[in-house]
Amino acid sequence: MLKGKTAVVTGAAKGIGKAVAIAFAKEGCNIVLNYHSSVSDDTINEIEEYGTRCMPVQGDVADFGFAAQLVKDIKKEFGTLDILVNNAGITRDMLLMRMSEEQFDQVINTNLKGTFNMVRHASSLMLKQRSGTIINMASVVGVTGNIGQANYAASKAGIIGLTKSAAKELAQRGITCNAIAPGFVETDMTDVLAEETKQEMLKAIPLKRYGTVDDIASAAVFLAKNTYITGQVLNVDGGMVM
Ligand code: NAP
C-alpha cells in the first residue's frame, strides 16, 4: 500500500526518527532522511537494504527557507511528497523560575516552528497533489505538562493544536494530519535522565516497560496506511495517559 511512495522524516539520523525511516523503507517507500549534525553510512545502507532509495539531506528544520528548499528538491527528485513525519525535536529542561529565554526559544523554534515550517511547505505540494499524510511527533507531556519542561510541553501542546488545525484545512483535498504522543521511549533524549527519574517514570507506566523506537515507528506506519483517521493524537505510551 505504501510501496513507491516518498516519505520524508526529519531528525532521522538516530532514535525514533531512524526507526520510522527504516519502518517506511520496509514498506517500500523511498526515504528522504533529514539530519541535523551528522548521519552514518550504516544508517543509509540499512535503509537502502530494503531496495528503496535514501536521500540524506542535512539541515535545520527551524529554518523556514531550508524547509521550502527541501520540499522543492523532493518534488524535483521524486515527483511527489506522500508522507511527512515531523520527528526532529530537542529538550532544554529547566525549572520555570530558572529557564532562560534562549532555552525557551531553542525548544519552540526546533519543535514547534520546525513542525510548522515543514507542514507549511509540504502541504502546498500535497494540496496540488490532492493526496498526502502528515504525522507530527508530539508527546504525552504536551497533554499533561511536566515539571522542568515548560518549554518542551508548550512546544508539544502547540504541535497538537497545529495538527488539528492542519487536519481541518487539508481534509478537503484528502490529506490527513495526525500526531503521535509517545510516552517514555529509550533513546539518547531520555538517556540523560537520572536513574531515579527513570524508575519513577516506570512506576507510572501500566504496561511496566519503557517504549521502544519500534513501538513508535509501527504507529507511524499504521497512521500512514489509514486514510480515514485525521486530526487525532495517538498516545503510544504503555497506558501512561488514559
Ligand atoms: P533523539 O534521539 O534526541 O533524536 C532527535 C533527533 O532530532 C536527532 O537526530 C537530532 O539531530 C534531530 N534534530 C534536533 N534538532 C534538529 C533540527 N533543528 N533540525 C533537524 N533535526 C534536528 O530523540 P528521540 O527520543 O528519538 O525523539 C524524537 C522525537 O520524539 C522528538 O520530537 C521528541 O520530542 C519526541 N518524543 C520522544 C520521547 C522519548 O521518550 N524519547 C517521548 C515523547 C516524544 P542532532 O542530534 O544531529 O541534533
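The values are calculated or read from the model by the stated rules, or taken from the named source; none is laboratory data. Since the structure is predicted, the reported quantities are computational estimates derived from the model, not experimental observations. Positions of Cβ are generated from backbone atoms using ideal geometry, with glycine treated the same way; all protein chains shown enter the neighbour counts. When the accessible area is computed, the model is the full protein with side chains, heavy atoms only, and any ligands, DNA or RNA have been set aside. Shrake-Rupley method; radii C 1.70, N 1.55, O 1.52, S 1.80 Å.
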Considering residues of the stretch 185-219 that are polar (S, T, N, Q) and farther than 26 Å from residue 22 by Cβ only, the residue surrounded by the most Cβ atoms within 10 Å (Cβ to Cβ): 197
When you scan the stretch 185-221, how many residues do you find that are under 30 Å from residue 5 (Cα atoms) and either out of contact with any Gly (no Cβ under 8 Å at 6 or more places or on another chain) or more than 10 Å from the ligand (Cβ to nearest atom) (or both)? 9
The stretch 1-81: strands (runs of 3 or more DSSP E) wholly inside it with 1 or more residues that are within 15 Å of the ligand (Cβ to nearest atom), hydroxyl-bearing (Ser, Thr, Tyr) and at pLDDT 95 or above are 30-35
Is it the case, given these coordinates, that residue 223 is touching a strand residue (DSSP E or B) at 6+ places or on another chain (Cβ under 6 Å) and open to solvent by less than 30 Å² (accessible area, probe 1.4 Å)? yes
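Could you list, in sequence order, the residues of the stretch 144-153 that are crowded, with 17+ Cβ neighbours inside 10 Å and part of a helix (DSSP H, G or I)?
Correct list: 150, 151, 152, 153.
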Please pick out the residue among 6, 10 that is within 18 Å of residue 221 (Cα to Cα), under 14 Å from the mean Cα position of the chain (by Cα) and not aliphatic (A, V, I, L, M). 10
Subset of the stretch 156-184 [buried (at least 23 other Cβ atoms within 10 Å of the Cβ), more than 8 Å from the ligand (Cβ to nearest atom) and of a type in the set (Gly, Ala, Ser)]: 166, 179
Output for the stretch 222-238, where each listed residue is assigned to a loop (DSSP other than H, G, I, E, B), in contact with a Gly (Cβ under 8 Å, 6 or more places away or on another chain) and farther than 19 Å from residue 191 by Cβ: 227
In the set 139, 123, the lone residue that is open to solvent by less than 20 Å² (accessible area, probe 1.4 Å), under 18 Å from residue 160 (Cβ atoms) and touching a Phe, Trp or Tyr at 6+ places or on another chain (Cβ under 9 Å) is 139
Take the stretch 194-242 and flag every residue that is within 20 Å of the chain's Cα centre (by Cα) and among the charged types (D, E, K, R). 214, 215, 225, 237
